[in-house]
Amino acid sequence: MKLGLELGYLTSDSPDPITLAKEAEAAGFDSVWVSEAWGSDAVSLLSWIGAGASRVALGTAILPIGSRTPALLAQTAATLDMLSGGRLVLGLGVSGPQVMEGWHGVPFAKPVTRTRETVEVIRQVLRREQRLEYEGESIRLPMADGTGLGKPLKLMLRPRRSEVPIYIASIAPQNTALTAEIGDGWLPFLYSPDQAAGIWGPALAAGATKRSLPAPLEVAPMVDCALGDDLPRLRDQLRPGIALYVGGMGARRRNFYNQLARRYGYEDEAKRVQDLYLDGRKDEAAGAVPDGLVDEICLVGSEARIAERVAAYREAGVTTLIVSPPVDEEGNPVSGGLEVLRRAAS
């Protein structure tokens, strides 16, 4: 099982991402990943990291497909892959209506169809076998209702690789099945290795029956980590991040992460976290995140305890474990934490 480092978003007090990427390289990590929501953009941050770190693969986790046209996603993939010497992993996802409609001003409609068609267009552009023409349900190129002057074009840049790996972030059954069908990799979030077979097994199996790609699906969950001996305080470092997603990343009636926590069996707890969070009581919402959920979806505790949990991810079929930089009981980065994770995964 390979290790990836999740650097998340760039903030005003973020540690130097290039320093962290080089530390990951030295510790034997295979990849470095950056996120995008409504703060820093992933492409600029990943370009900066790629210019300073020479070996690790560079992943977007994730680029929301509604924020860019499929052709621009393909242009971005070709450019980053060429500049990095063939190290890009293009991670894509649908995000949610809160971000797509509220921030980007684009409709959140037919996410499964949109994902399939976006991936098809990206691959068509990168292969450069013909000028770009596409007749889909959500994507039509050239567009049909414009000036009528749209022209089929071919990517000017000859990509370093015509098959850049495309990983898809999904947690709901339909999109997970689609991921197993058309994705090079899968980027699940709030992933429980203990419940993976029951929660996602049927969807992954259904998608696999339609898969035409030659390689098996890579499984690469993103996992937060707190390392140390005081387990209750370490859990407290991780609760706010979980509360953000379970409680506030979406509307009360449509929050994919809240629905996932309920599917894990935390029905009452997920409702309470969401109610508190949406009422503006974020600290209380974090405090309401149950210990069991923290332990299921995070790496938390001593080195020995983390090694046990890493083994559970391996046994669940994870091929790359994408881990955030470990923090201690005070929320500070752990010196040598990446080496600890490498030992745990070896």
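The values are calculated or read from the model by the stated rules, or taken from the named source; none is laboratory data. This one's a predicted model, so the numbers in the text were calculated from it and none came from an experiment. Don't worry about glycine lacking a Cβ; one is built from the backbone with ideal geometry, like all the others, and counts go over all protein chains shown. These area figures cover heavy atoms from the full protein model, side chains too; ligands, DNA and RNA do not enter into them. Shrake-Rupley method; radii C 1.70, N 1.55, O 1.52, S 1.80 Å.
Miscellaneous remarks
- Criterion violated by Arg123 - all others in (1) open to solvent by 40 Å² or more (accessible area, probe 1.4 Å); (2) more than 20 Å from Pro188 (Cα to Cα); (3) within 22 Å of the chain's Cα centre (by Cα); (4) among the charged types (D, E, K, R) satisfied: (1)
- Evaluation of Gln98 against (1) over 21 Å from the mean Cα position of the chain (by Cα); (2) crowded, with 16+ Cβ neighbours inside 10 Å (one fails), failing number: (1)
- Note on region 193-228: residues that are of a type in the set (D, E, K, R), within 18 Å of the chain's Cα centre (by Cα) and part of a loop (DSSP other than H, G, I, E, B) amount to 1.
- Selection status of Gln259, open to solvent by less than 10 Å² (accessible area, probe 1.4 Å) and either modelled with pLDDT under 95 or not hydrophobic (A, V, I, L, M, F, W, C) (or both): no
- All positions within region 45-56 that are touching a Phe, Trp or Tyr at 6+ places or on another chain (Cβ under 9 Å) and either open to solvent by 20 Å² or more (accessible area, probe 1.4 Å) or assigned to a strand (DSSP E or B) (or both): none
- Any hit, region 265-280, residues being open to solvent by less than 20 Å² (accessible area, probe 1.4 Å) and in contact (Cβ under 8 Å) with a residue 40 or more places away in the chain: no
- Residues that are of a type in the set (A, V, I, L, M, F, W, C), more than 11 Å from the chain's Cα centre (by Cα) and not in a strand (DSSP E or B) were ranked within region 166-192; the one that is modelled with the lowest pLDDT is Ala172.
- Output for region 82-137, where each listed residue is within 22 Å of Arg252 (Cβ to Cβ), touching a Gly at 6+ places or on another chain (Cβ under 7 Å) and in a helix (DSSP H, G or I): Gln98, Met100, His104
- Qualifying residues in region 229-255 (those that are of a type outside the set (A, V, I, L, M) and outside any helix (DSSP H, G or I)) - the one farthest from Leu276 (Cα to Cα): Asp229
- Among the residues listed as Ser138, Ser40, Ser95, Ser35, the single one being in contact with a Pro (Cβ under 6 Å, 6 or more places away or on another chain) and among the small types (Gly, Ala, Ser): Ser95
- Qualifying residue in region 64-87 (condition: at positive phi and either small (Gly, Ala, Ser) or surrounded by fewer than 22 Cβ atoms within 10 Å (Cβ to Cβ) (or both)): yes
- The condition of being open to solvent by 20 Å² or more (accessible area, probe 1.4 Å), of a type in the set (Asp, Glu) and closer than 18 Å to Lys110 by Cα holds for only one of Glu129, Glu137, that being Glu137.
- Residue list for region 25-44, restricted to those being in a helix (DSSP H, G or I), farther than 21 Å from Phe189 by Cα and either touching a helix residue (DSSP H, G or I) at 6+ places or on another chain (Cβ under 9 Å) or modelled with pLDDT under 95 (or both): Ala26
- Selected residue [on the phi < 0 side of the Ramachandran plot, open to solvent by 40 Å² or more (accessible area, probe 1.4 Å) and touching a residue at least 12 places away in the same chain (Cβ under 8 Å)] from Asp291, Asp295: Asp291
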